Each structure stands twice: as C-alpha cells, then as structure tokens.
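The values are calculated or read from the model by the stated rules, or taken from the named source; none is laboratory data. If you're wondering where the values come from, they're calculated on a predicted model, not measured in any experiment. Note: ideal-geometry Cβ built from the backbone for every residue, glycine included; neighbour counts use all protein chains shown. Areas reflect the complete protein model, heavy atoms only, side chains present, ligands, DNA and RNA absent. Shrake-Rupley method; radii C 1.70, N 1.55, O 1.52, S 1.80 Å.
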Amino acid sequence: MEHQTEQAPAEHDRWDFLLRAWHEVDMPDGWRAEIREVGIVLVPPPAPRHNSNIYKIERQLIPRLPDDWELHQGTGVAIPSSLRLRAPDLVVVPDASIPEERGAPLSADDIPLVVEIASKGNADDDRGAKKHDYAAAGIPLYLLVDAYDPRGPRITLHSAPRGTDYADSHAVEWGEPIELPEPFELKLDTGGFLIPTD
C-alpha cells in the first residue's frame with residue numbers, strides 16, 4: 001500500500017488548523033463533516049434507500065473479513081497529503097488502525113476499501129474529487145454505487161491507485177454482480193440494490 005508523502009511545514013500547519021476546526025464543528029444529529037478543497041463542508045444524513053444499499057454490501061462483506069477487521073459508516077478518513085478528510089459511506093478498517101481518541105479520524109494508510117453511494121447532489125464529487133482523494137491516499141479499492149451515472153445506473157470498482165487516480169476501473173450495470181479482488185475475493189451481488197429516490 002502506498003504511503004502518504006511528507007508535508008512541507010506550511011502544509012502541516014494548515015492541516016493541523018483544518019483538523020482542529022473539523023473537531024470543533026457542531027453538527028446536527030446524523031450529519032457528517034468533511035474537509036474538501038473549499039474548506040469544511042457539512043454532509044446531510046443519507047436517504048433510507050442509500051442506507052439499504054450500504055446494509056446489503058455490509059451483509060456480503062462481513063463473512064469475508066478477518067476477525068480483526070471492522071466496517072464503519074461515515075467515519076472520517078484523514079488524507080493529510082491532500083489536506084482532505086472524507087467520511088465515506090462505508091470503510092473497511094483493521095482493529096489496530098482504530099484511533100483511541102474520541103472523534104479522531106482514521107488514517108488512510110491501512111484501509112483496503114472505501115464505498116460511496118452516490119446521491120443526486122454529490123454524484124460528481126463521488127466520481128471526481130473523492131476518487132482522486134482516495135487514490136492519493138493509496139486506498140487500494142474504491143467501490144462507487146452510482147444510480148446517476150450519465151451512462152445509466154452502474155457500480156464501478158476503482159483499483160490500483162497511481163498518484164491522484166486509479167489505474168484500473170471496472171463497471172457493471174446496476175443489478176449485475178461485481179468482483180471484489182483480494183483480500184475479499186467476493187462476487188458482490190447488486191441485484192437487490194435500490195435506486196435512490198433523492
């Protein structure tokens with residue numbers, strides 16, 4: 001897994017400032033905060049169909065996970081090399097990488113998979129900026145469930161991060177199975193996924 005590059009002192013100071021500000025955001029219940037290019041952005045709670053799709057992914061992943069790995073929803077993932085912090089819809093994380101401090105974000109260094117369920121209002125961000133952030137962090141697999149893809153609803157697995165993008169992408173039409181490679185080795189069934197109505 002690629003490791004993040006060291007930051008120049010000015011970037012380090014800016015990252016520390018952004019992270020402190022992120023910690024101090026007073027969010028309404030169910031909301032999340034992310035650090036994006038424009039600054040700190042509040043993300044509203046997901047719609048019920050959105051959560052249903054996450055549950056269907058979790059149910060299939062759990063039997064494939066080692067006992068010392070977990071699934072987290074909406075937990076912050078720090079990407080200091082890009083001065084970003086994302087809160088993926090679903091993240092796979094080893095127990096050893098879970099921070100002790102309450103509210104601390106996860107480090108991207110040991111995360112094998114992130115999952116995003118696109119909403120109408122954020123689909124462009126999921127396809128562009130988030131993909132680049134996750135690649136820059138060296139996260140090996142990024143699964144995007146996108147009912148709003150201009151080519152029609154589809155599920156795309158991005159893999160092999162190179163710089164700020166993924167070298168490989170494989171897409172299937174909504175409802176078709178998609179193969180998740182090692183360490184999961186799972187043919188993810190998307191037949192029961194619900195098209196979001198947001």
State which residue is nearest to Ile117 (Cα to Cα) when the search covers only the range 169-186 and only residues that are open to solvent by 10 Å² or more (accessible area, probe 1.4 Å) and outside any strand (DSSP E or B).
-> Trp174
May I ask you to list the residues in the range 139-165 that are open to solvent by 20 Å² or more (accessible area, probe 1.4 Å), closer than 28 Å to Asp68 by Cβ and free of Cβ contacts under 8 Å to residues at least 60 places away in the same chain?
-> Ser159, Ala160
Within the range 84-108, the count of residues that are open to solvent by 30 Å² or more (accessible area, probe 1.4 Å) and in contact with a helix residue (DSSP H, G or I) (Cβ under 9 Å, 6 or more places away or on another chain) comes to 4
Mind checking whether some residue in the range 99-119 is under 11 Å from the mean Cα position of the chain (by Cα) and of a type in the set (D, E, K, R)?
-> yes
Only residues in the range 174-188 that are hydrophobic (A, V, I, L, M, F, W, C) count as the first member; pair them with residues that are assigned to a loop (DSSP other than H, G, I, E, B), Cβ under 7 angstrom, at least 6 apart or cross-chain, and list the lot.
-> Trp174/Ala147; Trp174/Pro153; Trp174/Thr190; Trp174/Phe193; Ile178/Thr190; Leu188/Pro177
Could you give every pair whose Cβ atoms fall below 9 Å, whose first residue belongs to the range 26-48 and is farther than 18 Å from Leu106 by Cβ, and whose second residue is basic (Lys, Arg), counting only separations of at least 6 or pairs across chains?
-> Glu37/Arg84; Leu42/Arg32; Pro44/Arg32; Pro45/Arg32
Would you point out the residue of the range 110-129, among those that are open to solvent by 10 Å² or more (accessible area, probe 1.4 Å) and in a helix (DSSP H, G or I), that is modelled with the highest pLDDT?
-> Arg127
Verdict on Pro99 being over 27 Å from Asp149 (Cβ atoms) and outside any loop (DSSP other than H, G, I, E, B) = no
With respect to Tyr166, is the statement that it is touching a strand residue (DSSP E or B) at 6+ places or on another chain (Cβ under 6 Å), among the aromatic types (Phe, Trp, Tyr) and either farther than 26 Å from Pro45 by Cα or assigned to a loop (DSSP other than H, G, I, E, B) (or both) true?
-> yes
